[in-house]
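The values are calculated or read from the model by the stated rules, or taken from the named source; none is laboratory data. Everything quoted here is computed from the prediction, not taken from an experiment. Glycine also receives a Cβ, built like all others from the backbone with ideal geometry; neighbour counts cover every protein chain displayed.
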Amino acid sequence: MAREGIQVKPARRAALRRALLAWYRVHHRKLPWRSARPDAYHVLVSEAMLQQTQVATVIAYYERFITAFPTVHDLAAADEQDVLRLWQGLGYYRRARHLHTAARAIVGQHGGTVPDDVESLLSLPGIGRYTAGAVASIAFGRRAPILDGNVARVLSRWFAIEGVIDDPAVRDELWRLAEELVPEESPGDFNQAMMELGATVCTPRSPLCLTCPVASMCRANELGIVDRLPTKRVKRKPTRVEYHAVAVERGGKFLFVQRPAKGLWAGMWQFPMAESLPPTGAVTGKVLQTWLKETHGITCASPRRVDELEHQTTHRTVGVTLWRASGKNTAKGGVWQSIDGAGELPVSRLQRRCAELVRGQ
Ligand code: SF4
């Protein structure tokens, strides 16, 4: 368990703030969404993209997204499919949908101005405590805490918190510490400095304690337990599932169908994909032929098996058997696209891999 109610002496708090801010002002990375006067909409977009994704990956996506939707009005007016297309490959597509819905709420309910306080930000769809704190502190200079994976790791080491990092009591304690530490002056820089320290110095493996600006105030460093922290919950092995994707071709075009509006890869496009048939081996072309008819209303020749691939999602290992068939009639609710034209539809990384395998044949 965490040591509840860790008290931070005012002198230590001040020293931590001072050291961290001084380091950040010299060493922070220049990133396209960082500026002396950050734009709240830009901060909102970058924070949505940065959740679960590395900075290096986000930069190109962010620049493309802001070029396509330079203002919150542009994003609010955009078609969801265009938003998803610009997000494809970044994963966690729910973030894109939430950002889009939040933009619509900002335009519809706040006159197109991003709210400047945590409470109003939290009332926007899909905006959680972290994003609200980030936008309020970075864009508006509000004294609001943030806690993401980097900050949680840094705090757990500074204060030698040995409880499991995602245990609710430990999370509460970390939020409380983040709130206590964030200063009235430059709260946005301080929050970004904690994230930056976690990303570049206090890294999960091999943290650079020898050059760390707060090493002398870090309890885990003092106790020699840095490599044990933060304590992670023992992960369950990801569940393995077997899918069957069928590239149905007609006159040089392939059938793409849209996934339901909720759940994994919601609203994205894909080859017809059977997700609940028996494991590989028991599935034949005949079985898939019947399935295509019943599920998508398409008559086709018996599909032939062409390849296999494996794809990792957060909680699952997806084994995909890829099939190919010639279609004879038009499917209900799908679109026919050339394999190169698939890039015009929002598709998941898995579907892109399937399309590449088909293209390579
Ligand atoms: S001294 Fe090491 S463990 Fe402590 S904050 Fe710095 S890098 Fe992290």
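Would you be able to tell me the number of residues in the stretch 199-212 that are closer than 14 Å to residue 27 by Cβ, touching a residue at least 24 places away in the same chain (Cβ under 8 Å) and within 8 Å of the ligand (Cβ to nearest atom)?
Of the residues in the stretch 199-212, 1 are closer than 14 Å to residue 27 by Cβ, touching a residue at least 24 places away in the same chain (Cβ under 8 Å) and within 8 Å of the ligand (Cβ to nearest atom).
Out of everything in the stretch 213-229 that is in a loop (DSSP other than H, G, I, E, B) and in contact (Cβ under 8 Å) with a residue 40 or more places away in the chain, what residue ends up being surrounded by the fewest Cβ atoms within 10 Å (Cβ to Cβ)?
First pass over the stretch 213-229, keeping only residues in a loop (DSSP other than H, G, I, E, B): 213-214, 218, 224-225, 229.
Still in the list and also in contact (Cβ under 8 Å) with a residue 40 or more places away in the chain: 213-214, 218, 225, 229.
Working: 213: 19, 214: 23, 218: 20, 225: 13, 229: 21.
Residue satisfying both the conditions and the ranking: 225.
Given the options 303, 272, name the one that is within 29 Å of the chain's Cα centre (by Cα) and not assigned by TED's automatic domain parsing to the domain that holds residue 15.
Only one candidate passes the filter, namely 272.
I'd like the residue in the stretch 21-62 that is in a loop (DSSP other than H, G, I, E, B) and of a type in the set (Lys, Arg) and, out of all such residues, is surrounded by the most Cβ atoms within 10 Å (Cβ to Cβ).
34
Within the stretch 270-288, does at least one residue satisfy the condition of being assigned to a strand (DSSP E or B) and of a type in the set (Val, Ile, Thr)? Write out each step before concluding.
The first filter runs over the stretch 270-288 and keeps only residues assigned to a strand (DSSP E or B), leaving 270, 273-274.
After this cut, where a residue has to be of a type in the set (Val, Ile, Thr) as well, the list is none.
No, the conditions are met nowhere in the stretch 270-288.
Please go through the stretch 136-149 and give me each residue that is crowded, with 20+ Cβ neighbours inside 10 Å, part of a helix (DSSP H, G or I) and under 17 Å from the mean Cα position of the chain (by Cα), ordered by number.
none
Please indicate, with yes or no, whether at least one residue in the stretch 213-235 is among the acidic types (Asp, Glu) and away from the ligand (no atom under 16 Å from the Cβ). Working first, answer last.
From the stretch 213-235, those among the acidic types (Asp, Glu) are 222, 227; that's our starting set.
Subset that is away from the ligand (no atom under 16 Å from the Cβ): none.
Looking through the stretch 213-235, none of the residues is among the acidic types (Asp, Glu) and away from the ligand (no atom under 16 Å from the Cβ).
Residues of the stretch 187-211 being assigned to a loop (DSSP other than H, G, I, E, B) and within 21 Å of residue 146 (Cα to Cα), which ones?
201, 202, 203, 204
When the residues of the stretch 152-186 are narrowed to those that are assigned to a loop (DSSP other than H, G, I, E, B), acidic (Asp, Glu) and more than 19 Å from residue 15 (Cα to Cα), which ends up modelled with the lowest pLDDT?
Applying the first criterion (assigned to a loop (DSSP other than H, G, I, E, B)) to the stretch 152-186 yields 159-163, 165-167, 182-186.
Filter once more, so that each one left must be acidic (Asp, Glu): 162, 166-167, 184-185.
Filter again for more than 19 Å from residue 15 (Cα to Cα), leaving 162, 166-167.
Working: 162: 93, 166: 90, 167: 93.
Among them, the one singled out is 166.
Which ones in the stretch 244-289 are small (Gly, Ala, Ser) and under 24 Å from residue 87 (Cα atoms)? Break it down stepwise before answering.
Of the residues in the stretch 244-289, the ones small (Gly, Ala, Ser) are 245, 247, 251-252, 261, 263, 266-267, 274, 276, 281-282, 285.
Within the stretch 244-289, 245, 247, 261, 263, 266, 267 meet the criteria.
Every residue, every condition in (1) more than 20 Å from residue 193 (Cβ to Cβ); (2) free of Cβ contacts under 8 Å to residues at least 24 places away in the same chain, yes or no:
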position	(1), (2)
42	no, no
46	no, yes
54	no, yes
63	yes, no
72	yes, no
79	yes, yes
88	yes, no
94	yes, no
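Hey, residue 178 hits all of (1) in contact with a Leu (Cβ under 6 Å, 6 or more places away or on another chain); (2) within 12 Å of the ligand (Cβ to nearest atom) but one; which does it fall short on?
For residue 178, the exception is condition (2).
Has the stretch 248-269 got at least one residue that is within 16 Å of the ligand (Cβ to nearest atom) and surrounded by 17 or more Cβ atoms within 10 Å (Cβ to Cβ)?
Checked the stretch 248-269: no residue is within 16 Å of the ligand (Cβ to nearest atom) and surrounded by 17 or more Cβ atoms within 10 Å (Cβ to Cβ).
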